[in-house]
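Reviewing the structure listed below.
The numbers here are math on the coordinates, done by the rules we state, and not lab data. Since this is a predicted model, take the numbers as computed values, not measurements. As a convention, Cβ positions derive from the backbone with ideal geometry for all residues, glycine included, and neighbour counts pool all protein chains shown.
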């Protein structure tokens, strides 16, 4: 691969969201998988055009909820049966209906924390720096421009062929993104 080590990728600037959407579809059809799109507002169908798949976040949340529920139930069982077994009026030590409210609350609490921290981990956050910030025109990505960046670590990436491919998409500009 003829990619300089000082290159993060190539980024194309588009004027409209429809152009970006079509460019993302064509790039995915051409075999590019390591790419990202930047838009000032959400574009319907952009994640599918980029080839994003379902995330593992629901599984992380489910596991967090199960761990929270089992942990809460065990904590109360341990406290009332093993550690502080007090027989009050002949009632059973393991009275599971009394454990349900706290079990439910800790299930929801731990699942929400798992979702929050799982989202941060799966998104690679916090990320105070990203190489696309080195392109001065990228500041317009939050106002009125749309960008498609193909990363140099993509297996299909060849600097000259990728630049030619992006030029065929009729962008406003093409930029080299350096780390």
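Annotations
- Coordinate range along principal axes, alpha carbons of segment 57-122, Å, largest first: 51, 19, 13
- Where the alpha-carbon atoms of segment 88-179 are placed on the principal axes, they occupy 83, 31, 23 Å, in descending order.
- Using alpha-carbon coordinates, inclination of helix 57-77 to the longest axis of the chain, degrees: 20 degrees
- Net lengthening on full extension, residue 122/residue 48 (0.36 nm per residue, minus Cα-Cα): 24.8 nm
- Within segment 20-52: backbone nitrogen closer than 18 Å to the residue 144 label point (7 Å, Cα to C-beta): 20, 39-42
- Alpha carbon centroid spacing (whole Å) that separates segment 139-156 from segment 44-66: 22 Å
- Between residue 113 and residue 156, the FRET efficiency estimated from the beta carbon spacing at R0 = 22 angstrom works out to 0.05.
- For the chain, the longest principal axis of the Cα atoms and the long axis of helix 17-29 meet at an angle of about 90 degrees.
- Taking the C-alpha atoms only, the angle from helix 96-122 to the longest principal axis of the chain is near 20 degrees.
- In range of the label at residue 173: residues from segment 107-138 whose backbone nitrogen is under 17 Å from the point 7 Å along Cα→Cβ: 131-138
- Gain in span if fully extended, residue 29 to residue 129, counting 0.36 nm per residue against the direct Cα distance: 33.0 nm
- Take the Kirkwood radius over Cα pairs of the chain, plug it into Stokes-Einstein at 4 °C and 1.567 mPa s, and you get 65 µm²/s for translational diffusion.
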